[in-house]
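The values are calculated or read from the model by the stated rules, or taken from the named source; none is laboratory data. Here the structure is a predicted model, which means the values were calculated and not measured. Methodologically, a virtual Cβ is constructed for each residue, glycine included, from the backbone with ideal geometry; neighbour enumeration extends over all protein chains shown. For accessibility, only protein heavy atoms count, side chains too; no ligands or nucleic acids. Shrake-Rupley method; radii C 1.70, N 1.55, O 1.52, S 1.80 Å.
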Amino acid sequence: MKHYFIATIAAAICSVVSHQHSFAQTSSMNKENNRQWWKEAVVYQIYPRSFKDSNGDGIGDLKGITSRLDYIKSLGIDVVWLNPIFSSPNADNGYDISDYRGIMKEFGTMEDFDELLKGMHQRGIKMVLDLVANHSSDEHDWFKQSRSSRNNPYRDYYHWWPAEKGKPAHRWSFFDVNGDAWKYDSVTNAYYLHYFSYKQPDLNWENPNVRKEIFDMMNFWFDKGVDGFRMDVIPFISKDTSFPELPKEYHGDYVTYYANGPHLHDYLKEMNKEVLSKHNVMSVAEGAGVTIETAHNFVDEDRHELNMLYHFDGVGYGYVPGKFKVPEPGGYKLVGFKEIYSKWDSVFAKKGWGTIYLGNHDQPRMLTRWGNDAPAYRDASSKMLTTFLLTMRATPYYYFGDELGMSNIKFDKIEDYKDIESINMYQQIKNHGGDLQEFIEAQKISARDNGRTPFQWDASANAGFTTGTPWIKVNPNYTTVNVAAEENNPNSCLNYFKKAVQLRKSNKVLVYGAYTLLDKANEKIYAYTREEGADKMLVILNFSKDKVNWKLPKGILLKGKPLLNNYASFMNINGLVSVEPYQAIVIRLK
Ligand code: TEU
Ligand code: CA
């Protein structure tokens, strides 16, 4: 205990003295063997709107996060990624920015931001912000100027198509009720491009003035001490401004086409040269449209572009093709799940670096989508998924509330939804006479709002999130699933998460070790080894509610007791391991 106590004080002093210095030392010390602080970090994503409301308006805010920094610190994570906190009319909850250097009024002031950043750095926690630069809000001053006249100096900050040339070639839109990414604007008798909502006009990155605006803005935040950016749909930023019909080789796949613009990597190299290379910061691409063939172009060290990316192959798995996020009846197949995550591990085995996530603000709660949120299995399957995320070779991006075992709220009616994606897709299906009941049933599993319900602090009104009326309903299970109920229970999901984080941080084999999938055809067990030099670990995950007698593959010799186990028991009789429903085991090998 004494050693631990001394170590803690020393660590605290070190992190207070100068977090940049200690991290800079770490990164330079390890550069030769390609070790980096952002590869070893555990990232915790906070959706500020739903984390903690400090002023009773029912909306989470920066002061609310500051008030809970000790909780965040207690998790043992290293980096916090905040979803957009910039000025926004909130057509898409902050992903429509009207001032890149202003704080969203609902979230507070720049002073509140400065206090939050200082509080994080004092605790040795880094802050990553959300760069939303493929598009701005239509309420940004740039767009107001741009749409006002065809010869306004800001006209070419966006993509306009003069109506006299006729309707431009179709572009598909994620959020438009007609799926149409061109909106006619009578002010200048022209169409403008919006891959997302019409309130999110796409910025014209082919215009060097736009790139300079974005790079200057990034430097503004880095000069304030921010430690990195998650980059929203960054693969989409470059467009072929002749706007041809969709090239046949894309077979109707607009998203992959969007992610392969002509100058994409020129712009990312320019961003690295003008901004990223000047600071000790991390960068992560939201890799919409990125495939295993194109991934290396973004993240290989010798590309001098970005550090890492996250793909959509995993979270997009197990849906019925051609329908909007309708889960396959009977659920997803584990064999396919294992193939996807094993494939992406091999992508970055030699060069580049990946991320691993199962939840974020665009996804339902991982417990419901990938585990089992029935009361009998909530605890075990939540811990099992946590074990997966914290024992793979990639930077884990862990979504706030998953450490508690939060689950989908499963709204029964469209009126409960706040998310533009659900609301507009409902309208689109209604307009085209589709099956609305099927849509509502499917959204209970797959809607983004399931991951956006307020964080559950305690069993008091509104889960202690707000003293006002929450902007979105709180999951009724907050009475039992909450921090207060879990923090003093050594066997809670919360304390299991903390243990798993510590296991990863004290065993670099779980960060850098080679990954080998075992028994790949097994439809219930996901098992793999992690190996670096003499250090070798086995991870056994039961993704089913059945007890499984799993035969250890030959050559696998267990050493000692499990380092992590979400059950009290572990039975291995002559190489036959009895794995309980949703049991997770991490154990050393000889
Ligand atoms: O998401 C881009 C994106 O691809 C997601 O819209 C995803 O495909 C979709 O949610 C799956 O149904 C980013 C942000 O993460 C998202 O919150 C924004 O809505 C979107 O960009 C526009 O900024
Ligand atoms: Ca508030």
Quick one: which of 373-380, 458-465, 390-397, 159-166 comes out on top by average Cβ neighbours within 10 Å, and what's the full order, highest first?
390-397, 458-465, 373-380, 159-166
Label-point separation, residue 291 to residue 71 (7 Å along Cα→Cβ), nm:
4.3 nm
Starting at the first residue of region 474-483, write each ³J(HN,Hα) from the Karplus equation 6.51 cos²θ - 1.76 cosθ + 1.60 with θ = phi - 60°, in whole Hz, x for Gly and Pro.
8, 5, x, 7, 4, 5, 10, 9, 6, 4
Just order 482-491, 548-557, 226-235 by mean Cβ neighbour count inside 10 Å, highest at the front, would you?
226-235, 482-491, 548-557
For residue 339 and residue 362, what does the FRET efficiency come to when R0 = 22 Å and r is the distance between their Cβ atoms, rounded to the nearest 0.05?
0.45
Square roots of five times the C-alpha gyration tensor eigenvalues of the chain, ordered largest first and given in whole Å, equal 38, 27, 25
Determine the gain in length on full extension of the stretch residue 351-residue 167; use 0.36 nm per residue of separation and subtract their C-alpha separation, reporting nm with one decimal.
61.9 nm
Note down the magnitude of the dipole of the chain about its Cα centre, charges +1 on Lys and Arg C-beta and -1 on Asp and Glu C-beta and zero elsewhere, to the nearest 20 debye.
2120 debye
Rounded to the nearest 5, what % of the DSSP beta bridges within the chain are antiparallel ones?
65 percent
Pairwise centroid distance, computed over Cα atoms, of region 214-267 with region 382-453, Å:
25 Å
Options 515, 533, 574, ranked by Cα towards positive dipole end of region 513-589, top entry (Cβ charges)
574
Cα centroid of region 312-356 to Cα centroid of region 497-554, whole Å
18 Å
Can you work out the PRE-style zone for residue 469? Point 7 Å along Cα to Cβ, and I want the residues of region 34-68 with backbone N under 13 Å.
57-59
Amide H of residue 86: which non-local residues (sequence gap of 5 or more, or other chain) have their own amide H closer than 5 Å, using H built in the peptide plane?
104
Could you pull out which residues in region 524-556 have an amide N less than 15 Å from a spot 7 Å beyond the Cα of residue 578, following the Cα-Cβ vector?
546-551
Taking Rh as the Kirkwood radius computed over alpha-carbon pairs of region 187-312 and applying Stokes-Einstein at 37 °C with viscosity 0.692 mPa s, one gets a diffusion coefficient in µm² s⁻¹ of 211 µm²/s
In nanometres, what is the gap between the two model label sites at residue 487 and residue 502, each 7 Å from Cα along Cα-to-Cβ?
1.7 nm
If amide H atoms are modeled at 1.01 Å from N in the peptide plane, then the residues at a separation of 5 or more from residue 203, or on another chain, having amide H under 5 Å from its own are 135, 136
Residue 250 label point, 7 Å along Cα→Cβ, cut-off 17 Å on backbone N: hits in region 151-172?
159-161, 168-172
Rounded to a whole %, the carbon-and-sulfur portion of the accessible area of region 141-193 at a 1.4 Å probe is 47 percent
What is the set of long-range amide H partners of residue 328 at a cut-off below 5 Å, with H atoms built 1.01 Å from backbone N?
319, 320
Counting only pairs 8 or more places apart or on different chains, how many lysine pairs in region 500-584 have C-alpha atoms closer than 21 Å?
22
Kirkwood hydrodynamic radius, region 141-193, all distinct C-alpha pairs: what's the number in Å?
11.5 Å
Per residue accessible area in Å² of the chain, where ligands, DNA and RNA are left out and the probe is 1.4 Å
39 Å²
